[in-house]
Structure formats: C-alpha cells, structure tokens
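Novice: There's a structure below that I have some questions on.
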Amino acid sequence: MIRNLLFTAAFLGLAATAPALAQEDAAATAIAAAKQFSGSSITVVAEAGLQALLDTQYSGPEWEQLTGIKVKVVELPNEEIYPKTILEKQAGTGGYDVLLISPALLADMVNNGAAEPLDDFVKKYGADKEFDDVNPAFKDWMSYNGKTYGLVVDGDVLVTYYRKDLFEDPENQKAFKEKYSYDLAAPKTYKEFGDIACFLTEKYQPKIYGAGVINTGYTHFFFSERFRAHGGKFFDQETMKATVNSEAGVKALTEMVEQNKCMSPGIETWGFAENLSALNAGEIAMTISWPPLGRWTQGVNIEDKALSWVPKTVVADKIGYAINPGGHPQLASGFLSGVSPDSKNKEAAYLYAQWMHSKSQSLKNVMRPVGLRDPFRISHYESPEYQNLWGGAKDYLKVLKDGAAAGYADLSVIDTFKYQDSMSRAVNAAIGGEDPQTALNGMAAEWDQITESVGADKQRDAYKVWAAKPTAYRE
Amino acid sequence: MTAASPTYIKTGRPFWAGRRGTGIAFVAPAIFVMLLVGLFPFLWSVAVSFQDLAGAKQSGNWIGLANYKKLIADARVWAALGRTLLLLAVALPLELILGLLLAMHFQIERPLKRLFVALIVLPAVISPMVAGSIWRLMLDHKFGPFNQIIGWITGEPIVLLWVIKPHLAFWAILIAEVWQWTPFMFIILLAALANVDREQLEAAEIDGAGRFRVFFRIVLPAIMPVLGIAVLIRALDLFRIFDAVWQLTRGGPGNKTETISIFMYIRGFQSFETSYTAALVVILLIVLSLAVTLALKRMEIAR
C-alpha cells in the first residue's frame, strides 16, 4: 500500500515537473549553468550612453543576483567599438569577455581572430532551440562561413515615422492632391518623401517642418538604402571596381542633399538626438530613424532618469509608422553578443550572451526604457505585453517585423569598416556643399584603393557571398 | 687627514673623474633609458614600416619599400599635410602677434592686472578635447552664442553651419586653436618682456628713440631666444594638431579638415593599417627632427 502510494506520488511529481523541464528556456539553462562560475566576474562591452545602461542598471545587477557572476561594463562610443575590440585582440590582454559586434563587421572580426566560434556552447546549452523564433532577417547575422560567432541581442531596422494628424487633415490632403496629383500618405518612394517634406514645410514653417533626417553619424546607412532603392550596386562583380558613383548613386545623394532644403534650418548638423527631440517636440512632421522612437514618441517607458534629456512628447497618439520609402528599409547596424577568444572566462561570458539573447530575457530588454534594444524575435512582435504598451504598439511591431523581413542588409565584406567610413565621409562632404558626383567619384576612388589593398580576387569572393543573400539587393 | 685623502686633494677633482670607465658606467643607465624611451620606438616603427602588418595580425611579411611608395602616391596624405601646414601658417603668426600684443599691454601696472592675466591664461590650462567641445557648443547653429552675436550685428537671424560647411570649418578650427593657445604665447612673452634690461630702455628713451625703434632694436633682440622657443613649441604643437579638429569636425566634412594627425589616427587606429601608418610616422619624424635641429641651430640654442 505504502509502496503504491509512494509510486503514485513519484509518478505525479514527475508528471507535474515534466512540462516545466520541457519548457525550460535558454535563459533558465544559462542561469543554471552559470551558477558554477559564481564569484567570478566578466567584462561586457556596451555602447556608451543608453545602451550601456541596460547592462549597468538592469541586466548586470540581475545577472549577478541570479548567478553570483559580477558584470563589469566597458562603455565605448559606437564608432570605437570595433577599433577598440581589434586593439584588444592585438594586445591580447583578454580585457573584454562579452563582445558587442555589429553584424556587418562580423566577417572582419572573424578574419582578425577577434570572435570566438560559439557552436559548441550553443549546442551544449540549447540556445539553438530558440533560433526558430529569431526573425529570419536577423538570424542570418549570427554566422559567418558556416560557424556561429554571435547571438542577436538587438534587431535594428529603419522606420518612417509621420504625423497622422497632419497627414490625415482633409485640408492638407486636398491641397496636396491638387499639387502633386497623388494622395498624401506615408511616402512609398523617396521622391514622395521629398514632396511631402516640401509641402508641409511650405505650409507650417517655422513652427513645423515637413521632415527631419539624421545627417551626422551613420550617414552610410541612409545612403546605402536610398542607393539600392534606386537600383544601385556597390561593385561590378567581374572587375570589383566600385560602382557607387553610378547614376543610382548620384540620384540618391543629390536627392538627400536637395531634400535637406525643405527641412529645418541647420538640418545638416542633426544627429540621432536632434532628430528625436524635434519629433517629440512636434517640430517635424516626418522622419526616418531607429525603432526606439516608437516608444519614445508615445512616452512609454521613458520615466528613467537617463532619458531626462528627451523632450516630453507632445505627439503621443499622433505618430504613424510605415516601412521606409522604396519598401526595403536598411537593417542599420543591430548588435550581436559574442565572446572574445582571449577571454579567461569564455563559458561564463557565453552564458551571459545566451541569457541576453534568450526569448524571455530579450523580451524584457526590448521593452526597457533604456538599452535601445529593438525587437528581433517573432515572439517579441507577437508579445501581448508589448502589443498592449500603447494603442498603436501592434501597428508599430508589424512595421518592424515586415520592415525587417523586406530590409536591406548592411554591406559586409572584408574591411567593411573602411568602406563604411569612406561612404560616410563622401555623404557628409555632399551635405556640406560638395557636388554629389565629385564626392562619389572620390569615394569610388577610395573604394578601389581599399579593394586593391585587400586583393580584388579575395574581395570578390567575400562580396559574392554577401551579394547572393536575398537581403543584399532584394531582386 | 687620513691616508686615503691625498688623491682627492692632489687633483682637486672627485675620485672617479679620472677614470674613464667609471664615468661611462655612471652615465650608461641614463643613456640606456633615453635610448629605450626615444630610439627604440623609432627603430621599431622603422622595422614595422617595411612589413605588411594590419588588423590584428601578430606578425608581418617583409615587403621592402612598398608602404613608402604607397604613401608617396596617396593624395590624401599630401592633402592632409597641406591642410596642416596651412593651419600652421595662419594660426602661428596670429597666436604670436596676439600673444605679444597682450604681453606688451600688461607690461605696465594696470588695475586688476593679476586677475586679468589669470583669466587670459585660463584657456591654456583646459584640456584640448574639452576646449574643442566648448567650441562645438559655441558654434552650434541653434544654441551657440556665436551665430546669435553675428545675428545681432547683421540685424537678422543667421544660420552659419560652422562645422558642416568646408569654408567655415577651417575657420572654426582656427578660432578654437587661437583662442586656446594665444595665452601660451602671452604668458611666455610676458615673462620674457619682464626681463628686458630697464636701463637700456630708459637710455633709449633719453636718447629720443621712438617706440618702434626701441621695440625692434632693444626689446625684440632681448626676447628673441624665448620667442624662438615659444614659436618652435607652438609650431610643433600645430603640426600635431588633433584634439580641436577631432572634437569639431572629425576631419570632415568629407576630408576637408583632415590634418596629418587625424589621418594617422584613422589609418592606424580605425583602419588598422599598422605598417602603412608606421611608414608615415618614420617620414614625419625624420622631417620634423631635421626641421627642429635646423631651427635650433639657427637660433643658436643647441650649441
């Protein structure tokens, strides 16, 4: 009798815990495994500013509480992340454990021996069980030459934000249709973007300008998207000569420069912060930027002290979201979490990366007030918690999901950083007043030099791999 | 006196002075440290410049003069060098003249002289990176006082994009540089002027010499050694200018304000073309060393 009772109890116990074991997610696995490293510490690279606050204020302390592993954060400005990581590799100090990798630079990181292959860890700790949940557009980022070197922690895609109240105003709609012979709506092409900007500026300036854009920093992302939207190709695959100064390039750059004329005075100096501030303050009717703006313009989850510089939104419930003109927004940057080959605590470092990448933890991260982490999993887009953050959240998440699915990947070849730098300088020169064709010719000459120094054949091989991806040219 | 003392008394020199080997032994550590600190990095750079080190590669292949050939053919290097020299040619005389005028102004006792001298010197004690940031804010098109003042003068709001437009960006850098380093010239020349022989000045005045004559015949020759060194230091600083440019324009728009130091930083620490950058370092070091040696010789300082 007692034996039967014990047997029944054991059976019931197993039956009760089995689903829990089956459902154990990558986060729980990472936490359980990391406890063996309790008392140690890991150094995590984070982008200086808001991104870093995620690790310093939230994830770091939480990880320490859960596992006993202390998280030290090294903050690096965005443009310094890659150079500093390579410098650390050169010095071989093992100063960083958990790396922050821009997917476009993954090939360079691997070629420089600066990123550790993670396949064994992925298999051992079951991170791959949740890979199907990663948006296919971002899943591709994690591997290079068939090996996994990073886990996505931030899914970036550029989004068009526009003032619904101004766009849906019957008077504006009528006047716009009369002038341009098509409906005033979220722009489907970059020409329409310019038309709308000029139309609304003419009517509302100096109180409101038709559009705002980011002209300093990251300009290569914006040019890359427009360039490809006009049918541009970066290289001639046969000769590997740069073709960025083609008709498509000139058209894209001229358009960027010309459209600035319909925007706020001094638009040429605007960076991410100026653009966000103007949108929140109701000073611009439309812009193209990164995802956190959806939450910030709504005033959701921005009560953190670190966000005190963001002007209080006056446009809550007035912002509409759309896929960028051309239909293929740039998957601009994004981040992978990787492990340094020189780390003295690789396994603990990996487990932190897995935890940050995991379904449950990453959902928390993409809803945090700070961190600038954006949805990258199907479960993020479908999360009822996220969808209920504000009235338009569902539409916002749909634009992020569809935009990413149709997006252009950043160019990723050998020495990508040099090509990006050259492109940004050419775009900035044109914005500063240089003739677009001249600026692009200079850029093409620099690109040819870079290609020559890499070796045209070697670069061709790398370019072919990248260009074959559906996200490269969307043909 | 003891039996050991006669040697010392006999020569009147320290006991080791007559022993060549001992003398060298005393000097050797200092020479070793100097060679280690000064010469070793240079020799290392020379060695690296003949290789193809780049990225995180730990060892390179010998490629002879390839980096030097590439350097000579690189138009961006020459353009950066030209911009650096232009900045030097404009900023240096400005700093010198303004510094000298200020120093002469404060030669006589004036109310609150000490306070004003301290205030004038203030920019020179600020970190150049911070000074660059201050000027970035000062020249901001929207919030910066510079454009507002120009607007008040012209009577209408004016938007000058100081760090975006190429023709303004050069002036922005020049203004920041002259603002920060004129005080350096001022303080050195103030000290030099204070040491000019008063008797000579009084004698010239009694003899009826005019102000310009006194300045060019008495004051300038008297302060010339100090002035020469101040000019040399500032010329070297201007040749290496980095901070103000980096904070204001990062070498942009395009490459329009890229100086040789910015170019070296980008190539060496962002593009990781280690050997190529080393070749540039070697050439610049040789050219600058020759220039400094010649200047010192001409000023009769390094005799």
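Novice: Report, by residue number, each residue of region B:185-223 that is open to solvent by 70 Å² or more (accessible area, probe 1.4 Å), farther than 22 Å from residue B:99 by Cβ and not in a helix (DSSP H, G or I).
Specialist: Once the filter is applied, which keeps residues that are open to solvent by 70 Å² or more (accessible area, probe 1.4 Å), farther than 22 Å from residue B:99 by Cβ and not in a helix (DSSP H, G or I), region B:185-223 yields only B:207.
Novice: Mind listing whichever residues of region A:227-242 are in a helix (DSSP H, G or I) and hydrophobic (A, V, I, L, M, F, W, C)?
Specialist: Within region A:227-242, A:227, A:229 qualify.
Novice: Open to solvent by less than 20 Å² (accessible area, probe 1.4 Å) and within 14 Å of another protein chain (Cβ to nearest Cβ), is that true of residue B:247?
Specialist: On the way: open to solvent by less than 20 Å² (accessible area, probe 1.4 Å): no; within 14 Å of another protein chain (Cβ to nearest Cβ): yes.
Considered against the rule, which asks whether it is open to solvent by less than 20 Å² (accessible area, probe 1.4 Å) and within 14 Å of another protein chain (Cβ to nearest Cβ), residue B:247 comes out as no.
Novice: On the basis of being more than 25 Å from the chain's Cα centre (by Cα) and within 14 Å of chain A (Cβ to nearest Cβ), does residue B:53 make the cut? Full working, then the answer.
Specialist: Working: more than 25 Å from the chain's Cα centre (by Cα): yes; within 14 Å of chain A (Cβ to nearest Cβ): yes.
For residue B:53, the condition - more than 25 Å from the chain's Cα centre (by Cα) and within 14 Å of chain A (Cβ to nearest Cβ) - is met.
Novice: Can you tell me which residue within region B:103-123, out of those that are open to solvent by less than 60 Å² (accessible area, probe 1.4 Å) and touching a residue at least 24 places away in the same chain (Cβ under 8 Å), is nearest to the other protein chains (Cβ to nearest Cβ)?
Specialist: B:123
Novice: Any idea which residue in region B:124-144 is nearest to the chain's Cα centre (by Cα), counting only those that are open to solvent by less than 30 Å² (accessible area, probe 1.4 Å) and more than 13 Å from every other protein chain (Cβ to nearest Cβ)?
Specialist: Step one: of region B:124-144, the residues open to solvent by less than 30 Å² (accessible area, probe 1.4 Å) are B:124, B:131-132, B:135, B:139, B:141, B:144.
Going one step further and asking which of them are more than 13 Å from every other protein chain (Cβ to nearest Cβ), we end up with B:124, B:131-132, B:135.
Details: B:124: 13, B:131: 16, B:132: 16, B:135: 20 Å.
Among those that are open to solvent by less than 30 Å² (accessible area, probe 1.4 Å) and more than 13 Å from every other protein chain (Cβ to nearest Cβ), it is B:124.
Every residue, every condition in (1) modelled with pLDDT of 95 or more; (2) within 14 Å of chain A (Cβ to nearest Cβ), yes or no:
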position: B:148; (1), (2): no, yes
position: B:154; (1), (2): no, no
position: B:160; (1), (2): no, yes
position: B:172; (1), (2): yes, yes
position: B:186; (1), (2): yes, no
position: B:195; (1), (2): no, no
position: B:204; (1), (2): no, no
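Novice: Sticking with this structure for a sec: Listed residues A:91, A:107, A:114; which is within 14 Å of chain B (Cβ to nearest Cβ), free of Cβ contacts under 8 Å to residues at least 24 places away in the same chain and over 25 Å from residue A:379 (Cα atoms)?
Specialist: Checking each option against the conditions leaves just A:91.
Novice: For region A:116-136, what are the residues that are under 22 Å from the mean Cα position of the chain (by Cα) and either on the phi > 0 side of the Ramachandran plot or open to solvent by less than 10 Å² (accessible area, probe 1.4 Å) (or both)?
Specialist: Answer for region A:116-136, where residues must be under 22 Å from the mean Cα position of the chain (by Cα) and either on the phi > 0 side of the Ramachandran plot or open to solvent by less than 10 Å² (accessible area, probe 1.4 Å) (or both): A:118, A:127, A:134, A:135.
Novice: If we scan region A:113-134, do we find a residue that is closer than 27 Å to residue A:410 by Cα, touching a Lys or Arg at 6+ places or on another chain (Cβ under 8 Å) and among the small types (Gly, Ala, Ser)?
Specialist: yes
Novice: Can you tell me how many residues in region A:101-129 are in contact with a strand residue (DSSP E or B) (Cβ under 8 Å, 6 or more places away or on another chain), outside any loop (DSSP other than H, G, I, E, B) and acidic (Asp, Glu)?
Specialist: The total comes to 1.
Novice: For region A:165-205, which positions are outside any helix (DSSP H, G or I) and touching a residue at least 12 places away in the same chain (Cβ under 8 Å)?
Specialist: Listed by number, the residues that qualify are A:184, A:185, A:186, A:187, A:188, A:189.
Novice: A further question follows. Looking at A:465, A:366, which one is over 24 Å from residue A:290 (Cβ atoms) and away from chain B (no Cβ under 13 Å)? Step through it out loud before you land on a result.
Specialist: Numbers: A:366 fails: over 24 Å from residue A:290 (Cβ atoms).
Just one listed residue meets the conditions, A:465.
Novice: Hey, residue A:286 hits all of (1) away from chain B (no Cβ under 14 Å); (2) within 21 Å of residue A:323 (Cα to Cα); (3) buried (at least 20 other Cβ atoms within 10 Å of the Cβ); (4) in contact with a helix residue (DSSP H, G or I) (Cβ under 6 Å, 6 or more places away or on another chain) but one; which does it fall short on?
Specialist: Evaluating residue A:286 over (1) away from chain B (no Cβ under 14 Å); (2) within 21 Å of residue A:323 (Cα to Cα); (3) buried (at least 20 other Cβ atoms within 10 Å of the Cβ); (4) in contact with a helix residue (DSSP H, G or I) (Cβ under 6 Å, 6 or more places away or on another chain) leaves (4) as the failure.
Novice: Look through region A:261-283, keep the residues that are over 18 Å from residue A:306 (Cα atoms) and away from chain B (no Cβ under 14 Å), and return whichever of them is surrounded by the fewest Cβ atoms within 10 Å (Cβ to Cβ).
Specialist: Ranking the candidates gives A:282 first.
Novice: Same structure again: Can you find a residue in region A:398-418 that is more than 19 Å from the chain's Cα centre (by Cα) and under 25 Å from residue A:254 (Cα atoms)?
Specialist: Yes: region A:398-418 contains one or more residues that are more than 19 Å from the chain's Cα centre (by Cα) and under 25 Å from residue A:254 (Cα atoms).
Novice: Further question: List the pairs whose first member sits in region A:38-60 and is in the same structural domain as residue A:365 (by TED's automatic domain parsing), whose second member is among the aromatic types (Phe, Trp, Tyr) and crowded, with 18+ Cβ neighbours inside 10 Å, and whose Cβ atoms are under 7 Å apart, counting only residues at least 6 apart or on separate chains?
Specialist: Every condition considered, the pairs that remain are A:42/A:352; A:43/A:96; A:44/A:352; A:45/A:96.
The values are calculated or read from the model by the stated rules, or taken from the named source; none is laboratory data. Since the model is a prediction, treat every value here as computed from it, not as a measurement. Note: ideal-geometry Cβ built from the backbone for every residue, glycine included; neighbour counts use all protein chains shown. Just the protein is used for accessible areas: all its heavy atoms, side chains included, with ligands, DNA and RNA removed. Shrake-Rupley method; radii C 1.70, N 1.55, O 1.52, S 1.80 Å.
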